[in-house]
1. Checking LEU13 against (1) surrounded by fewer than 22 Cβ atoms within 10 Å (Cβ to Cβ); (2) of a type in the set (A, V, I, L, M); (3) without any contact (Cβ under 8 Å) to a residue 24 or more places away in the chain, which single condition isn't satisfied?
2. Keeping to the stretch 107-126, report how many residues are touching a residue at least 12 places away in the same chain (Cβ under 8 Å), within 15 Å of the ligand (Cβ to nearest atom) and surrounded by fewer than 18 Cβ atoms within 10 Å (Cβ to Cβ).
3. Of these, ALA197, ALA245, which one is buried (at least 23 other Cβ atoms within 10 Å of the Cβ), in contact with a Ser or Thr (Cβ under 8 Å, 6 or more places away or on another chain) and outside any helix (DSSP H, G or I)?
4. For residues that are more than 14 Å from THR225 (Cβ to Cβ), acidic (Asp, Glu) and under 18 Å from the mean Cα position of the chain (by Cα), tally how many sit in the stretch 136-160.
5. Could you go through the stretch 27-40 and let me know if any residue there is without any contact (Cβ under 8 Å) to a residue 24 or more places away in the chain and either part of a helix (DSSP H, G or I) or within 16 Å of the chain's Cα centre (by Cα) (or both).
6. So which residues in the stretch 34-59 are within 9 Å of the ligand (Cβ to nearest atom) and surrounded by fewer than 23 Cβ atoms within 10 Å (Cβ to Cβ), if there are any at all?
7. Is it fair to say MET174 is surrounded by 22 or more Cβ atoms within 10 Å (Cβ to Cβ) and either in contact (Cβ under 8 Å) with a residue 60 or more places away in the chain or under 23 Å from LEU105 (Cα atoms) (or both)?
8. Looking only at the stretch 129-155, filter to residues that are of a type outside the set (A, V, I, L, M, F, W, C) and under 17 Å from ASP222 (Cα atoms); which one of those is surrounded by the fewest Cβ atoms within 10 Å (Cβ to Cβ)?
Amino acid sequence: MNPVPRVAAVHDLSGFGRASLTVVIPVLSTMGVQVCPLPTAALSTHTGGFPDFRFTDLTEHMRQVLDHWRSLNIEFDALYSGFLGSPDQIGIVREMLREMSRESLAVVDPVMGDNGRPYRTMGPEMIERMRGLVAHAGMITPNLTEAAFLLNEEYPGELDPHRLKEWVIRLSHMGPSTVVVTGVPVPGRKGLSSVVARDREDGRFWKVDCSYVPAHYPGTGDTFTSVIVGSLLQGDSLPLALDRAVAFVSMAIRASFGYDLPSREGILLEKVLGNLRAPVVTSSYEMLE
Ligand code: PXL
């Protein structure tokens, strides 16, 4: 590993609204990780709640950046991809995964939608090609909507523990050895959602509950997965990484909710970033039997 772990971060750059690279870079930098951004698209804002967003596709630029990076023989300790701007970009990330060393962490966050619906730039071809990409990832971090898209299932309002485990196992059969599903409603417990994860190596299931705050902030998925990546690169176990990510996102949402700002502006990350450097003091993960 590099003395400072180095991540190739393949996400869009949205100028306003705290999503994608504007979240990934500060979170990982604060956690002591070097971020090398490979922007997939440049947007005026993210697409949630800003109907007139401006979008410039950077597929050709990505090819040129990669050519240059290859000529420099840059070694990455991790690849972390998120929002992709065109079907061809999925092929580019696939190539990057093929070229990475086997020891590297390969995290694909299959960013496609939320609350049962696809984001505005995600057509059926993107969803189909994303299914092909997750097959080559080491870890995937879909939310429940994205998990349903990957499995070609209806978005479920609820998922009983037995079916939830079945979904996680089916996702892992698609290829990735570690599957983390976020935003899973807890049956019969209004206001609670959970994150559920499993590493195929030992087959154990982990769950962390998150108390729900009645606001939906774009970019929380990017924050969550960035903390997971930073934590794993620091040597944390999977359940500890889950714990840190849930605790950080919950705290960031609480810090933001008190201000009554439009949720489309994202979480007030700048107020809470410093907490990522604090030692882990509580732990709430459970192992599912
Ligand atoms: O946080 C996911 C995300 C990333 N990038 C763009 C988005 C969204 C979610 O809305 O619109 C451009």
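1. Result: LEU13 passes all but (3).
2. Residues meeting the conditions: 6.
3. ALA197
4. Result for the stretch 136-160: 0.
5. yes
6. Those that are within 9 Å of the ligand (Cβ to nearest atom) and surrounded by fewer than 23 Cβ atoms within 10 Å (Cβ to Cβ): ALA41, THR45, THR47, GLY48, GLY49, PHE50, PHE53, PHE55.
7. no
8. THR145
The values are calculated or read from the model by the stated rules, or taken from the named source; none is laboratory data. Remember, predicted model here, so these are calculated numbers, not experimental data. All Cβ positions, even for glycine, are placed from backbone atoms using ideal geometry, and neighbour counts span all protein chains on display.
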